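Chemist: Before we start, here is the structure in question, set down as structure tokens.
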Amino acid sequence: MSATKVKVTSYPAIANAPLVGLAEGSGTFNNLHLAGLVLFVPWLLKRLLPLVNRGGFKTYLFLLLLTGLPTTLAYWMVMSRIGARKNEKVQLPGKNIEEYITIKDPELKKLYNGKEKIPMQVFHDAHFDGKIDFNGDVLEIMEQRHDWSKFVMTWTLLKYVLTVLIPDVITHSREQDSDQVTEHYDRGNDFYSWFLGPRMIYTSGVVLNPDVKETLEQLQDNKLAIVCSKLNLKPEDRLLDIGCGWGTLTAYAAKNFGCDATGVTLAKNQTEFGNNRIQENGVSSDKARILCCDFREIAEKKPSGSYTKIVSLEMAEHVGIRRYQTFLRQVYDLLDDDGIFVFQVAGIRQCWQYEDLIWGLFMNKYVFPGADASCSLGWVINQLEKANFEVKNIDVLGVHYSATLHRWYENWLSNHDEIVAKYGERWYRVWAFFLAWATIASRQGSASVFQITLHKNLNAYHRIEGVKSHASIHVKLEKEPELIL
């Protein structure tokens, strides 16, 4: 297929991909084949192994439980290596990897040179350790990643899945959540300010005009206004902001709409910063406050219907798959029967490519440990409806997140000297790589952000009252249409 069938863009609002950056990766995966393999392997072992070949169906079930996960991981490992690209519409340049990266480690240099591509996991681990450098801007080289790297499951990744990811998914205790959040978000407010900027908002902003490059602050201000509009905030409202970060939304809502606002975070630094921000913006502590506690403590102590409006922006990923439904039911109980819930959550595409899988494991290990509930939109909606919420509106904000991340990336690079002086070269490299790859991943659909407006699915809920704040049905026409008679 001709590469001319794929077009590049030049919108000022985002980091536009070059043609090679639009190449598809491998997505070879067949659920039926995997299911057949998972069922066949224990059957084969039962027939061949002397110790178990006389057993019955219970023996087979035992072997199925024992071999199911290893078989799945082995299938991923093999298929990630032999699977073809989704399509060949974009032809890769086929340059030597030395054009893109400089390998300083002798052993790695023996393994990966010329046309021999390096696994992405091997690359980024070595890069963080200073064994490999980018030959130029991180984002520009990452745009060409398919020409010098391969997205395959490695033994290191398999070990991580078995020994860290799966135990985390199974456990997901309060102590685990507290430890992971404290380690991550209490690293230092300066660390985050060097890429988040003065708003200190660690969630996706919103682009309103693709033809101009709005500042990071404009993107975040756009998002704050949109979220509060969807919440339809009134002075009499009681707002709960779950996973409030540094409290900017909590302060904004109380300051601009006069509502009573409570933000909740597990991080002590965020709590102190948020309460200071509320005070600096002239909002009294009896009107708005940031609490340092587990959300579950509020859910256990507060009576049903305590809040008329609830918002949670990109926090639920940390709840974990195991406790996701419990979390949503707790939100449901805290929400007034006439209330509104705005739920923004990051996730991945259902028809994933192996790059998406490698990306997700990288993020879980280095950036958002414990955030195993980054799932597809379909999965999220199913969970919400099971908790008896009704979906009013969904906005998919992946490309908006890419625009936000690109500005974070630019901020991070501009503060190189200060970051290295306080936190070291390794932390600088990890975050530069994360922000660059995340800019790409959210632009191309590997990862996305879903902003969902919800209310309780009750007969007595007055849905007509939500028409005015239902933004997606209020379109601006370029010209008045001619009506059909």
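Chemist: Assign one of three labels to the stretch 91-191, namely rounded, prolate or oblate, based on the Cα gyration tensor with a ≥ b ≥ c the square roots of its eigenvalues; rounded applies when a/c is under 1.5, prolate when it is not and a/b is larger than b/c, and oblate otherwise. If you can, show how the numbers build up before the last one.
Modeler: Working: a/c = 2.55, a/b = 1.82, b/c = 1.40.
Prolate, because a/c is 1.5 or more and a/b exceeds b/c.
Chemist: A further question follows. Using alpha carbons only, how many angstrom separate the centre of the stretch 207-264 from the centre of the stretch 82-117?
Modeler: Distance between centres, Cα-based: 44 Å.
Chemist: What are the principal axis extents of the Cα atoms in the stretch 1-117, in Å, biggest first?
Modeler: Principal-axis extents of the stretch 1-117 (Cα, largest first): 65, 39, 28 Å.
Chemist: Per residue, how much space in cubic angstrom lies within the convex hull of the C-alpha atoms of the stretch 30-93?
Modeler: Spread over its residues, the Cα hull of the stretch 30-93 gives 90 Å³ apiece.
Chemist: Each residue of the stretch 317-327 in turn: what ³J(HN,Hα) in whole Hz from Karplus with 6.51, -1.76, 1.60 and θ = phi - 60°, glycine and Pro shown as x?
Modeler: 4, 7, 5, x, 4, 4, 9, 4, 5, 4, 4
Chemist: Over the Cα atoms of the chain, how large are the radius of gyration and the largest Cα-Cα distance (Dmax), in Å?
Modeler: 24.4, 81
Chemist: Additional query: What whole-number value in Å² describes the accessible area per residue of the chain for a 1.4 Å probe?
Modeler: Computed with neighbouring chains in place, this is 47 Å² per residue.
Chemist: Turning to a different aspect of this structure: Between Ser304, Leu224, Gly205, whose Cα lies farthest towards the positive end of the dipole of the chain when Lys and Arg beta carbons carry +1 and Asp and Glu beta carbons carry -1, centred on the Cα centre?
Modeler: Ser304
Chemist: As a test of understanding, state the convex hull volume per residue of the stretch 163-290 from its alpha carbons, in Å³. It would help to have the intermediate numbers written out before the result.
Modeler: Working: hull volume 18.5 nm³, N = 128.
So the per-residue hull volume is 145 Å³.
Chemist: Kindly express, to the nearest 10 degrees and within the range 0 to 90, the angle between helix 416-444's C-alpha long axis and the longest C-alpha principal axis of the chain.
Modeler: Value to nearest ten degrees: 90.
Chemist: Rounded to the nearest 500, what is the chain's calculated 222 nm mean residue ellipticity when only DSSP H runs of at least 4 contribute -39500 (n - 2.57) each, over all residues? Let's see the in-between values first.
Modeler: Working: 18 runs with 219 residues, N = 485.
Mean residue ellipticity, 222 nm, calculated: -14000 deg cm²/dmol.
Chemist: Quick one: helix 57-82 against the long Cα principal axis of the chain, what's the angle to the nearest 10°, folded into 0 to 90?
Modeler: 90
Chemist: Specify whether the C-alpha gyration tensor of the stretch 1-42 places it in the rounded, prolate or oblate class, a ≥ b ≥ c being the square roots of the eigenvalues: rounded for a/c under 1.5, otherwise prolate if a/b is larger than b/c and oblate if not.
Modeler: prolate
Chemist: Cross-link partners among aspartates and glutamates for Lys234, C-alpha distance below 18 Å, same-chain residues fewer than 8 apart left out?
Modeler: Within the straight-line limit of under 18 Å, Lys234 reaches these aspartates and glutamates: Asp260, Asp286, Asp336, Asp337, Asp338, Glu465.
Chemist: With charges only on Cβ, +1 for K and R and -1 for D and E, what is the dipole size of the chain about its Cα centre, in debye, rounded to 20?
Modeler: Value, rounded to 20: 1600 debye.
Chemist: Top to bottom by accessible area (1.4 Å), largest first, where do Tyr75, Tyr11 land?
Modeler: Sorted by accessible area, descending: Tyr11, Tyr75.
Chemist: Take the cross-link list Lys7/Lys95; Lys58/Lys386; Lys95/Lys159 and give me the ones stretching past 29 Å between alpha-carbons.
Modeler: Lys58/Lys386; Lys95/Lys159
Chemist: Jot down the per residue volume, in cubic angstrom and as a whole number, of the convex hull over the alpha-carbon atoms of the stretch 274-325.
Modeler: Cα convex hull per residue, to the nearest whole number: 121 Å³.
Chemist: Moving to a separate point now. At a 10 angstrom cut-off on C-beta neighbours, averaged per residue, how do the peptides 86-96, 190-200 rank from highest to lowest? Mind dumping the intermediate values first?
Modeler: Values: 86-96: 13.3, 190-200: 18.2.
Ranked from most to least packed, the peptides come out as 190-200, 86-96.
Chemist: Moving on to the next point. Quick check: at a probe of 1.4 Å, how many percent of the accessible area of the stretch 195-249 sits on carbon and sulfur atoms?
Modeler: Ligands and nucleic acids excluded, carbon and sulfur give 55 percent.
Chemist: Net charge around Ile170, counting only other residues with Cβ within less than 13 Å of its Cβ (Lys, Arg = +1; Asp, Glu = -1)?
Modeler: Residues close to Ile170 contribute a combined charge of 0.
Chemist: Something else: Give the angle, between 0 and 90 degrees and rounded to the nearest 10, that separates the Cα long axis of helix 31-48 from the longest principal axis of the Cα atoms of the chain.
Modeler: For 31-48 against the chain, the angle is about 50 degrees.
Chemist: Compute the distribution of all C-alpha to C-alpha distances in the stretch 313-407, in bins of 10 Å from 0, and list the percent of pairs in each, rounded to whole numbers.
Modeler: Histogram of Cα-Cα distances, whole percents per bin: 14, 46, 31, 9, 0.
Chemist: Moving on to the next point. Would you mind counting up the charge near Ala346? Only other residues with Cβ under 11 Å from its Cβ, with Lys and Arg at +1 and Asp and Glu at -1. Before the final figure, lay out the partial values.
Modeler: Numbers: positive: none; negative: Glu314, Glu317.
Residues near Ala346 contribute -2 overall.
Chemist: I want the local charge near Phe195. Using Cβ-Cβ distances under 12 Å, sum +1 for each Lys or Arg and -1 for each Asp or Glu among the other residues.
Modeler: Around Phe195, the charge tally is -1.
Chemist: Give me the percent of the accessible area of the stretch 258-305 that comes from carbon and sulfur atoms, probe 1.4 Å, all protein chains in place.
Modeler: 45
Chemist: Rounded to a whole number, what % of the accessible area of the stretch 342-423 do carbon and sulfur atoms account for, probe 1.4 Å?
Modeler: The nonpolar share, carbon plus sulfur, comes to 53 percent.
Chemist: Mind checking the dipole of the stretch 390-479: about its Cα centre, +1 per Lys or Arg Cβ, -1 per Asp or Glu Cβ, Debye to the nearest 20?
Modeler: Computed about the Cα centre, the dipole is about 280 debye.
The values are calculated or read from the model by the stated rules, or taken from the named source; none is laboratory data. Because the structure is a prediction, the values reported are computed rather than measured. When we count neighbours, we look across all protein chains shown, and the Cβ atoms used for this are built from the backbone with ideal geometry, even at glycine. Each accessible area value is taken on the protein alone, full model and side chains, heavy atoms only, with ligands, DNA and RNA left out. Shrake-Rupley method; radii C 1.70, N 1.55, O 1.52, S 1.80 Å.
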